[in-house]
Amino acid sequence: MSRIDIQELGQAIKEARRAKGLTQGQVAVAIGSSRTRIIAFENGYNPDMSFATVLRMMNMVGLDLALTTFNYGCPTLDDLQREQAEEDERNARRGLPRPRW
C-alpha cells in the first residue's frame, strides 16, 4: 500500500460510510464520538481524535488497517512499473514490439 495522508484517509472513510448507507451521526454514536468530529475528520482536518477512535471508525465503515514490515530495498509496485515503462521505451526506440501482457 502506498502512503496515505489524513485527507485521503478521511475521504476513504467518507466514501465507505456512504457506500454502507450510514450517516455521520450513526458512526459517531457507534464509536462514542461526536458528529462534528466525524465531519472534521472526513474533510481532512485533524480533530483531537485518538488512533483507537480512528480505527473504530474505520472498522464501522468496513475498512481495515494492514500493517506490514518495511521492505528495506525491495522494489515497490511503482518501482516495477517505472522499470517496465523504461524498458518498453528502450525497446520501442530499437524497433522491438511491445509485449502483449
**OP:** Before rounding to the nearest 500, sum -39500 (n - 2.57) across all DSSP H runs of length at least 4 in the chain and divide by the residue total; then give [θ] at 222 nm in deg cm²/dmol.
**Re:** -17500 deg cm²/dmol
Original post:
If exposed trypsin sites (Lys or Arg not before Pro) are those in a DSSP loop with at most 15 other Cβ within 10 Å, what is the longest stretch of the chain that has none?
Top reply: 21-93
**OP:** Would you mind calculating the relative contact order of segment 6-60 from Cα pairs under 8 angstrom and at least 6 residues apart, reporting the percent as a whole number?
**Re:** 45 percent
Subject >> Relative contact order [Cα under 8 Å, 6+ residues apart], the chain, whole percent >> reply: 25 percent
Original post:
How far is it, in nm, from the label point at ALA30 to the one at ALA66 when both lie 7 Å from their Cα along the line to the Cβ?
Top reply: 2.2 nm
Subject >> Listed residues GLN81, GLN11, GLN26, most fluctuating in the chain (Gaussian network, C-alpha, under 10 Å) >> reply: GLN81
Subject >> GNM flexibility winner over the chain from GLY32, GLY73, GLY21 (Cα, springs under 10 Å) >> reply: GLY73
Subject >> In segment 12-87, the chymotrypsin sites (Phe, Trp or Tyr not before Pro) that fall in loop regions by DSSP, at most 11 other Cβ within 10 Å >> reply: PHE70, TYR72
**OP:** Assuming 1.002 mPa s and 20 °C, estimate D for the chain with Stokes-Einstein, Rh taken as the Kirkwood radius over Cα pairs, in µm²/s.
**Re:** 130 µm²/s
**OP:** Could I have the simple spin-label model distance between ALA16 and GLN81, label points 7 Å from Cα toward Cβ, reported in nm to one decimal?
**Re:** 2.1 nm
**OP:** Average the reciprocal distances over every distinct pair of alpha-carbons in segment 6-60, invert the result, and give the Kirkwood radius in Å.
**Re:** 10.7 Å
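Coordinate-derived values only; no laboratory data. Note that the structure is predicted; figures quoted are calculated from it, not measured. Cβ: placed from backbone, ideal geometry, glycine included. Neighbour counts: every protein chain shown.
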